[in-house]
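K.L.:
Questions regarding the structure given below will be posed in turn.
All of the numbers you see were taken from the coordinates with simple rules; none came from a lab. Remember, predicted model here, so these are calculated numbers, not experimental data. Backbone-built Cβ (ideal geometry, glycine too); neighbour counts: all protein chains shown.
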Amino acid sequence: MKHTAFTREHEALGAKMVPFAGFYMPVQYEGLNVEHETVRKAVGVFDVSHMGEFWVKGPKALDLLQWVTSNDASKLTDGKIQYSCFPNFEGGIVDDFLVYRIDAETFLLVVNAANIDKDWAWINSQNKMGAELYNASDEISQLAVQGPLALKAMQKLTEEPITDMEYYTFKKLTFAGVKDVILSITGYTGSGGCEIYFANEDAPTIWKAVFEAGREFGIKPVGLGARDTLRLEMGFCLYGNDINDTTSPIAAGLGWITKFTDEKDFINKAALLQQKQEGVSHKLVGFEMIDRGIPRQHYEILNEEGQVIGEVTSGTQSPSLKKAIGMGYVEKAYSKAGTPIFIKIRDKHLKAEVVKLPFYKG
């Protein structure tokens with residue numbers, strides 16, 4: 001079991017620690033609902049140091065990225081970030097991740113913790129161009145400081161203006177006296193904030209500074225439990241739940257990060273283009289429960305006649321909306337907002353309705 005640079009801090013704060021993606025991680029501190037509300041109304045801090053970081057460098061860096069990723073990395077400029085995925089040759093997704101462009105020959109990929117080894121093997125197997133690759137996952141720590149007051153609090157720790165940074169941009173700056181920190185605005189909660197990347201040895205300094213800066217704003221540590229409810233309220237996909245090696249990016253509603261241009265050839269392009277043109281049999285949808293019951297991953301989704309039309313991929317009781325919500329793949333005929341569906345929970349067919357994402361409008 002791997003530990004992050006903050007394990008001692010979590011334990012000292014009384015966090016409930018669990019194994020997650022090969023790491024020993026905090027699932028909650030005070031309680032999921034309290035932590036969820038902290039992020040929606042003030043500022044919360046997630047330890048996301050378990051995420052993976054790969055450097056892709058050199059004159060062939062962009063060529064490799066264009067081949068292995070679904071999005072068009074040539075559109076990136078210095079200081080910009082792109083959400084993308086690695087398509088596989090079978091029509092599924094190896095992983096979803098972020099691409100940071102430092103300069104024309106230097107890119108940082110931030111990948112999911114559970115997929116670090118798989119992604120590293122994958123990108124190396126596709127590197128016929130000879131791009132320089134370096135896996136820095138064990139050397140970098142990351143905090144996600146999220147919430148409407150997050151940037152106001154973090155501004156106290158840097159002279160560089162950050163409160164007006166655009167979504168999906170980043171800056172390299174001196175933060176809490178530490179040089180060359182990467183501060184980005186991507187978010188996985190829908191409540192604003194930033195992510196901070198730094199060397200493991202600077203973790204104690206930055207942790208202390210972040211919590212001191214945020215004290216007047218009601219800052220609290222937040223666990224992975226609330227991270228999941230926050231992202232689900234936004235309809236964001238979680239790898240291993242809503243997308244995986246067998247799910248198509250087109251079916252998952254990720255057509256917007258799958259760019260079919262003449263200039264870009266990428267893995268499985270022809271098959272995915274065919275899906276886009278001809279349509280897919282199943283689509284990922286959001287739904288709200290009408291009857292009382294909480295949908296969970298792998299629960300069957302039924303039509304009014306009781307026939308199986310799909311499967312739940314994520315579900316929870318939404319702390320913000322005070323109702324049960326979920327996502328799942330359903331047959332295309334049942335994918336329109338307003339369509340009644342049923343979730344099979346303990347042999348009962350409980351009514352739900354397909355809704356437009358996100359669930360939480362802020």
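K.L.:
Through the Karplus equation 6.51 cos²θ - 1.76 cosθ + 1.60, θ set to phi - 60°, convert the phi angles of segment 297-314 into ³J(HN,Hα) values in whole Hz; use x for Gly and Pro.
P.N.:
Per residue, the Karplus-derived 3J(HN,Hα) values read 3, 6, 5, 6, 9, 10, 8, 5, 7, x, 7, 6, 10, x, 8, 6, 10, 8 Hz.
K.L.:
Give, rounded to the nearest 20 debye, the magnitude of the charge dipole that the chain has about its Cα centre when Lys and Arg contribute +1 at Cβ and Asp and Glu contribute -1 at Cβ. Walk me through the numbers before you get to the answer.
P.N.:
On the way: 39 positive and 47 negative charges, 186 e Å.
For the chain, the charge dipole is close to 900 debye.
K.L.:
From the convex hull of the Cα coordinates of the chain, what is the mean projected area in square nanometres? Spell out each step's value before the answer.
P.N.:
Values: hull surface 71.6 nm².
Computed as one quarter of the Cα hull surface, the answer is 17.9 nm².
K.L.:
Step through the residues of segment 56-67 one at a time and calculate ³J(HN,Hα) from phi using the Karplus curve (6.51 cos²θ - 1.76 cosθ + 1.60, θ = phi - 60°), rounding each to whole Hz and writing x for Gly and Pro.
P.N.:
10, 10, x, x, 9, 4, 5, 4, 5, 4, 5, 7
K.L.:
Another question, then. Tell me the Rg and the Dmax, in Å, that the Cα atoms of segment 51-159 produce.
P.N.:
Every Cα atom of segment 51-159 included, Rg and Dmax give 15.0, 48 Å.
K.L.:
Above 21 angstrom, tally the Cα pairs of segment 281-355 and express them as a % of all pairs, no decimals.
P.N.:
Working: 314 of 2775 pairs.
Counting every Cα pair in segment 281-355, those more than 21 Å apart make up 11 percent.
K.L.:
Which of the peptides 314-320, 350-356 is most tightly packed, and how do the rest follow, judged by the mean count of other Cβ atoms within 10 Å per residue? Walk me through the numbers before you get to the answer.
P.N.:
Numbers: 314-320: 20.3, 350-356: 17.1.
So the peptides 314-320, 350-356, ranked by packing, come out 314-320, 350-356.
K.L.:
Let me ask something additional. For segment 179-213 and segment 97-130, write down the distance between their C-alpha centroids in whole Å.
P.N.:
Spelled out, the Cα-based centre of one part sits 21 Å from the other.
K.L.:
Another one. Just round it to a whole percent: the fraction of Cα-Cα distances in segment 7-115 exceeding 21 Å. Don't jump to the answer; show the numbers that get you there.
P.N.:
Details: 3033 of 5886 pairs.
Tail of the P(r) past 21 Å holds 52 percent of the pairs.
K.L.:
Students often check this: by mean Cβ neighbours within 10 Å, which of 325-338, 216-229 ranks highest, and how do the rest follow?
P.N.:
216-229, 325-338
K.L.:
Going by average Cβ density within 10 Å per residue, which order do the peptides 7-16, 249-258 take, highest to lowest? Could the numbers behind the result be given before it?
P.N.:
On the way: 7-16: 15.2, 249-258: 20.5.
The most tightly packed comes first, giving 249-258, 7-16.
K.L.:
At 222 nm, what value in deg cm²/dmol follows for the chain if DSSP H runs of at least 4 each add -39500 (n - 2.57) and the sum is divided by all its residues, to the nearest 500?
P.N.:
On the way: 8 runs with 71 residues, N = 362.
Estimated from H runs of four or more residues: -5500 deg cm²/dmol.
K.L.:
Can I ask one more? If you count the DSSP beta bridges with both ends in the chain, what percent of them are antiparallel, to the nearest 5?
P.N.:
Of the beta bridges lying entirely in the chain, close to 95 percent run antiparallel.
K.L.:
How big is the equivalent ellipsoid of segment 71-134 along its three axes, where each semi-axis is √(5λ) from the Cα gyration tensor, reported in whole Å from largest to smallest? List each step's numbers first, then the result.
P.N.:
Working: eigenvalues 75, 38, 28 Å².
Output for segment 71-134: semi-axes of 19, 14, 12 Å.
K.L.:
Where the centre of each part is set by its Cα atoms, how far does segment 312-362 sit from segment 18-69, in angstrom?
P.N.:
When both Cα centres are located, 26 Å separates them.
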